[in-house]
Amino acid sequence: MGKLAPSLLEADMRFLDEELKRMERAGADYVHIDVMDGMFVPNLAFGMREIRSIRPSSALPFDVHMMVQEPIRFVKRMKEAGADVITVHYEACTDLVQTLRTIRGLGIRAGIVLNPDTSLGVLSDVMLAQADVVQLMTVRPGLEGQRFLPGSIERIQALRKRIDDLGLNCEIETDGKISMENVQEAVAAGASVIVSGKALFQGNLEENIQRMKRLIEEGHPKGGL
């Protein structure tokens, strides 16, 4: 089965405890948490203190997306704060392989994030072998008001083929303007972890989560992931 990860950035910040409980009741698989440092991206969001404070509110795995320059500096504290998965940007790491090994050495899942303008060709076989997940951005990170970028589906397909050809057990995660209208296309292309924000939080959160999970299941070419 595919996994759905509602983006906490779109939740009502006044009621995060209840929002997390609603996600869990509705059947979400992960909580996607964007960490922004104001340097790698122009905005600020969630740090270790905030993640630690909400950790008791949910048993769901915390999927922490670090939009941070040189994230290796913070991964141990992120894990201690409650992260179950840490994804880091290829573009933000001086030594990506060592960063991934450090994360995995903490006993949690490690992932690579690629900006939409970064070629898939930058990923070496060694990098992919150290990754539990590769997250493809389908918008430019850290900016509001964007649309799902053309060419994203082809990137998912190409990466899925590369991973399969290497025989790796590595998931593909998509992040950026995933909606009820395009989620099945992303899943059919090879994505198995779906991050979604506004499409879930605008309206009835629980109903939207349940609807998108049905679409994810139905969208896979074999009827399930």
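Some points to look at:
- Qualifying residue in region 65-78 (condition: more than 22 Å from Q135 (Cα to Cα), touching a residue at least 40 places away in the same chain (Cβ under 8 Å) and not charged (D, E, K, R)): no
Quick grid of which residues meet (1) in contact with a helix residue (DSSP H, G or I) (Cβ under 9 Å, 6 or more places away or on another chain); (2) among the aliphatic types (A, V, I, L, M):
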residue	(1), (2)
R109	yes, no
V113	yes, yes
S119	no, no
L128	yes, yes
P150	no, no
A158	yes, yes
G167	no, no
C170	yes, no
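- In region 119-147, the residues that are closer than 16 Å to I178 by Cα and modelled with pLDDT under 95 form Cβ pairs under 6 Å with partners that are crowded, with 17+ Cβ neighbours inside 10 Å and among the aromatic types (F, W, Y), at six or more places apart or across chains, as follows: T138/F148.
- Residues of region 177-212 satisfying the condition of being more than 17 Å from the chain's Cα centre (by Cα) and open to solvent by less than 10 Å² (accessible area, probe 1.4 Å): L205
- Subset of region 213-225 that is modelled with pLDDT of 95 or more and surrounded by fewer than 22 Cβ atoms within 10 Å (Cβ to Cβ) - its residue that is farthest from L159 (Cα to Cα): R214
- Among residues of region 179-208 that are farther than 17 Å from D29 by Cα and outside any helix (DSSP H, G or I), those with a beta-carbon under 6 Å from a residue that is open to solvent by 30 Å² or more (accessible area, probe 1.4 Å) and basic (K, R) at least six positions away or on a different chain give the pairs G190/R160.
The values are calculated or read from the model by the stated rules, or taken from the named source; none is laboratory data. The shown structure was predicted, so the numbers you read here are calculated from the model rather than taken from an experiment. Methodologically, a virtual Cβ is constructed for each residue, glycine included, from the backbone with ideal geometry; neighbour enumeration extends over all protein chains shown. The accessibility values were calculated without ligands, DNA or RNA, using every heavy atom of the protein model including side chains. Shrake-Rupley method; radii C 1.70, N 1.55, O 1.52, S 1.80 Å.
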